[in-house]
Amino acid sequence: MKVAEAYENLERIITYGFLSARVSFQGHDLLIKNISDKEYQQMLMFCSDKNSVKLNLFNLAYCTISIDGVNLLEDRNENIREIMRFYQRSSALFIIKIVDAINELNYTYLDSLDFLEGFSYSPRSRHLWTIVDPYDRSSYTGIRGLDVLGINSVVENWISINKRLDEEQAYGRDLNNTVLIVGASNYKSAKMLSKNYEAHTQELNELREEICKYGYDRKRVAENEKKRDAWTAPLDSREDLVKELYRQMTGDKDKHDLYIDKWIANQKEKAERAQESVREKQEAFRKKMESTDIDLLEPSKPISSQELNRLLEQKKNSENKVYTGSAEEEIKDRVLKKISTKIIRPEIKDLVNG
């Protein structure tokens, strides 16, 4: 996307709160828009089933601005059911055409986010900041119902950047007044302070002019691209969060998702190989048993009563075996010596020996 095209899209997003497109089909004239991150979160709040038909109808209704010239934004909460019934009665071909247009708007909206910082430093953006109230867009545009949409993440970031620029300008004015007062008593210190501030301001302005020219900070983006190539993109800003949300909505996968999918596929492959190995061993054992001549196997015979008595007698003798004489005394001395050296104190040992 070119910088000029992105700046035009951002101006429409800030002014109206969305990107729009007109769709005409089967005698109906519709004005549709992209869905913002805030609206998507609202839909998930109202409809928890992400794969339901109700959620899809909610999505279409939230993306509809007008039908046949009738503005539906002003009373959207009251008209939401009627809009959903309108799409329920529509043909599948008509729905597909609407969905394709909405997806195209969402992609354009997402691509324009990369140029928000550069646009915020442009003279056009600063001019909009002085005349557009983002909390009362209806008064500026004359379209009723725009305030129902709320503030999306693009406008939130735009407001934040412009407030920071206003604070910088106020700080510069206060600093100039301070330098003027200090210069009356300490000229050298005031001159050094003013010189350092001017050097910092010039460096910052040069960087912002470059960002405004290309739409983004090329150096910072290059560093983020290296991190993204290494693993997954870091979520360091609101723009990153919005991009991640739209990435999940569109089903795109980053390297982390692909790694997880590959790991799951490998686990399934290992499990299938293990099951196949078990089946092969079972089949080999079955074939071996089928090929064995049963008549060649030595038949088993029951144990006789004499053999059983002999085994019981051997077990009884082994259980009743005791030590006598010198062997018994030797074992007793070794046990007492071992216990006394490790556990029993010397005085208790003497009592035991006594």
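Bear in mind these aren't lab numbers, they're just calculated from the coordinates by the rules spelled out. No experiment lies behind these values; they were computed from the predicted model shown. Every residue, glycine among them, receives a Cβ derived from its backbone with ideal geometry; neighbour counts consider all protein chains shown.
Tabulated values for the structure
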item	result
All Cα pairs of region 49-152, percent lying beyond 17 Å	65 percent
Euclidean distance of C-alpha centroids, region 18-41 and region 169-205, integer Å	51 Å
Linear extension gain, Ala222 paired with Glu5, 0.36 nm per residue minus alpha-carbon span	75.9 nm
Karplus 3J(HN,Hα) series, Hz, for region 71-85 with 6.51 cos²θ - 1.76 cosθ + 1.60 (x for Gly, Pro)	6, 9, 6, 4, 10, 5, 4, 7, 8, 4, 5, 5, 5, 5, 5
Extension gain, Met45 back to Val148 (0.36 nm per residue minus Cα-Cα distance, nm)	35.4 nm
R0 of 41 Å, Cβ-Cβ distance Arg85-Asp133: FRET efficiency to nearest 0.05	0.70
Those chymotrypsin sites (Phe, Trp or Tyr not before Pro) in region 103-168 that DSSP places in a loop and that have at most 15 other beta carbons within 10 Å	Tyr135
Amide H partners (placed H, <5 Å) of Asn34, local residues excluded	Leu19
Where labels lie 7 Å past Cα in the beta-carbon direction, separation of Ser20 and Ile96 in nm	2.8 nm
Distance (nanometres) between label positions extended 7 Å along Cα→Cβ at Glu104 and Lys38	2.7 nm
